[in-house]
Every structure is written in structure tokens, then in C-alpha cells.
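The structure appears right after this line, and notes come after that.
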Amino acid sequence: MSSSPGVPIWQVDAFTDRPFGGNPAAVCLLEQFPSDEWLQQVAAEMNLSETAFLVRSADHNQFHLRWFTPATEVDLCGHATLASVHLLIEQRIVTMDQPIRFQTRSGELVCFHSERGITMDFPATPPKGDVTPKLAETLLTALGLDHGRVLNSDFDLLVVVEEDSIVQSLHPNFDALEKIETRGVMVSASGGPQNIDFTSRFFAPRCGINEDPVTGSAHCCLAPFWAQRLGKNNLVGLQASARQGIVQCDVVGDRVHLSGPAITMFEGRLLSHPFE
């Protein structure tokens with residue numbers, strides 16, 4: 001790590017190979033974790049959907065990883081993990097031909113460089129079942145939908161609609177969505193533009209993010225859900241936000257391999273030291 005003053009931090013666009021696409025994440029390298037308050041303040045200052053904080057482990061190619069939105073710490077974040085792997089490879093901090101391991105609140109996550117860019121081995125979190133009729137009605141109303149099946153998952157709620165055009169044309173009431181007790185809301189349909197198996201969008205106002213551009217962890221739910229219904233384990237998901245992003249998904253038993261590229265947008269230094 002450089003001897004320059006301050007704490008190194010980068011912004012990386014994940015799940016895209018072009019600048020200003022995909023989902024931006026901040027990646028911050030630390031010698032050790034400071035207070036949770038400092039981590040949260042940095043995430044709020046960056047004001048991105050996620051800021052990833054990395055601390056190197058004693059073991060080769062292994063790190064401790066935590067993710068913060070502007071408002072809270074979360075258990076799992078795909079795009080900020082992808083951004084972290086991209087940054088570690090780009091800065092030659094890791095050996096690219098060996099797996100990169102992260103110790104997280106969701107257990108150990110293993111990532112590696114692949115022909116698709118960066119591949120992340122995540123736990124599958126398929127939907128657990130339908131929610132109550134009252135919750136379904138409240139959520140559909142907040143989304144401005146007349147119809148849709150509402151399912152529960154480990155982290156979020158999933159709303160399944162009939163056409164990908166419905167997903168793309170949504171204009172949710174974010175004040176109403178924020179009152180619903182869930183990390184976030186996925187809205188998804190099968191199909192999409194050419195070669196797309198399913199389309200989705202993700203809303204998380206309770207985490208300080210009205211709409212997340214591309215949500216890796218949501219695909220831990222979406223991929224096994226659509227794999228079962230479409231009869232295939234290798235799928236391509238489009239997250240149809242304004243920035244858009246493509247997520248390559250492979251369902252492997254109770255795991256999901258999520259793949260995509262990333263691009264570094266800028267690097268800098270935090271001059272507010274965490275241990276002062």
C-alpha cells in the first residue's frame with residue numbers, strides 16, 4: 001500500500017465495460033477496521049449505493065470485507081464485491097490466477113478471474129413463498145401495479161410481473177415503499193432485449209437508495225427463481241435502471257455464480273484519518 005498520506009479509495013463502475021454504466025461503488029483499503037461510525041460516515045460522504053471496506057488477512061489472497069450504504073451496513077452486496085475484486089487485480093494486490101477470498105457477514109465469498117470478467121461464488125437465496133395478501137396489496141400499490149405475484153426472500157421482496165416492458169416503465173412511490181419493512185424490492189419479468197433471459201429493477205429506499213443501478217445480491221434470488229421456471233441454469237439478466245447492467249448468472253446447486261466486468265473511474269485519498 002502506498003505511503004502517501006490519507007486512506008486510499010477508488011470509485012469503480014461494476015457490471016459494465018463502459019464508463020458511466022453499471023453500478024458505481026467506492027472501494028476503500030484499510031490496514032484495520034476503525035469504528036463503525038467512521039465507516040458509516042465515509043459511506044454517507046461517498047453517497048453511492050455501496051462503499052466496500054477491505055482489510056487484508058494474514059492469508060494470501062484473502063481479505064475481510066464489509067459493505068455500507070449511505071444509511072446502513074448490509075449483509076451482502078454483489079456489485080461492490082465485484083468492484084473490490086477488479087480493484088485488487090488492477091492494483092496487483094492479489095495473484096490473478098488464484099481465487100480471492102473474502103470473509104464477510106454472509107460467510108466466506110470466493111471470487112476469481114474468468115473469461116466473463118470477474119466471477120463471484122455467492123449463496124443462492126431463492127424465494128421462500130408468497131407474502132400475506134395485505135402486504136402484497138400495499139407493495140403493488142406503492143409500485144403503481146394492478147397485478148403481480150409477491151414473494152419473500154432472505155433479504156428482499158420479489159414482485160413478478162408478466163412483461164419486461166412493465167418492469168421498465170415503473171414509476172414507484174418511494175415514500176410508500178420506504179414504509180415497507182424490507183431491505184429492498186425486486187421487480188422482475190422473463191425476457192427482455194436480444195439474448196436476455198430476465199429483466200429486473202431494484203428499489204431500496206429504506207437503505208437510502210431509491211433505485212439501485214445493478215444489484216448483484218438480488219440475482220442470488222432472481223437467478224434460481226428464473227432458472228427453475230425457464231428450465232436452464234445459465235442465464236443472462238438485465239437490470240433495467242437508467243445506467244443499466246448485465247449480470248451473467250450460473251446456478252450451481254445452492255450457489256450462484258455471478259459474472260461481469262468493471263471499470264475504474266477515479267482514485268483518491270481520504271484525508272480524514274480513521275484513527276485520529
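The values are calculated or read from the model by the stated rules, or taken from the named source; none is laboratory data. All values derive from a computational prediction rather than experimental measurement. Cβ coordinates were reconstructed from backbone atoms using ideal geometry, including for glycine residues, and neighbour counts include every protein chain displayed. Surface areas here come from the heavy atoms of the whole protein model, side chains and all, with no ligands, DNA or RNA. Shrake-Rupley method; radii C 1.70, N 1.55, O 1.52, S 1.80 Å.
What label, among (i) 23.4, 98; (ii) 18.2, 58; (iii) 18.4, 64, belongs to Rg and Dmax of the Cα atoms in Å computed from the structure on display?
Computing Rg and Dmax of the Cα atoms in Å and matching it to (i) 23.4, 98; (ii) 18.2, 58; (iii) 18.4, 64 gives (ii).
Sort the following peptides by mean Cβ neighbour count (other Cβ atoms within 10 Å, averaged over residues), highest first: 97-108, 213-224.
213-224, 97-108
What 222 nm value per residue comes from the helices of the chain, counting each DSSP H run with n ≥ 4 as -39,500 (n - 2.57) and dividing by all residues, nearest 500 deg cm²/dmol?
Calculated mean residue ellipticity at 222 nm is -6000 deg cm²/dmol.
Percent of accessible area on the chain owned by carbon and sulfur, 1.4 Å probe?
Carbon and sulfur atoms account for 46 percent of the accessible area of the chain.
Just to confirm my numbers, what's the Cα centroid distance between region 223-267 and region 87-155 in Å?
9
Across 5 Å bins from 0, what is the distribution of all Cα-Cα pair distances for region 1-89, in whole percents?
The calculated distribution, bin by bin, is 3, 15, 26, 26, 19, 9, 3, 0.
Could you check which residue among PHE174, PHE266, PHE202 shows the biggest mean-square fluctuation in a GNM of the chain with a 10 Å Cα cutoff?
PHE266
Roughly how big is the chain's charge dipole about its Cα centre, with Cβ charges of +1 (Lys, Arg) and -1 (Asp, Glu), in debye to the nearest 20?
260
Mind checking the dipole of region 190-250: about its Cα centre, +1 per Lys or Arg Cβ, -1 per Asp or Glu Cβ, Debye to the nearest 20?
Magnitude of the dipole: close to 100 debye.
Using the Cα centre of region 133-220 as the reference point, and only Cβ charges (+1 on K/R, -1 on D/E), how large is the resulting charge dipole? Debye, rounded to the nearest 20.
180
Quick one: which of 147-160, 122-135 comes out on top by average Cβ neighbours within 10 Å, and what's the full order, highest first?
Per-residue mean Cβ counts within 10 Å order the peptides as 147-160, 122-135.
Might you tell me the accessible area per residue for region 97-219, computed with a 1.4 Å probe and given in Å²?
Accessible area per residue: 47 Å².
For the ranges 48-58, 33-43, what's the packing order if you count other beta-carbon atoms within 10 Å of each residue, average per peptide, and put the highest first?
In descending order of packing, they fall as 48-58, 33-43.
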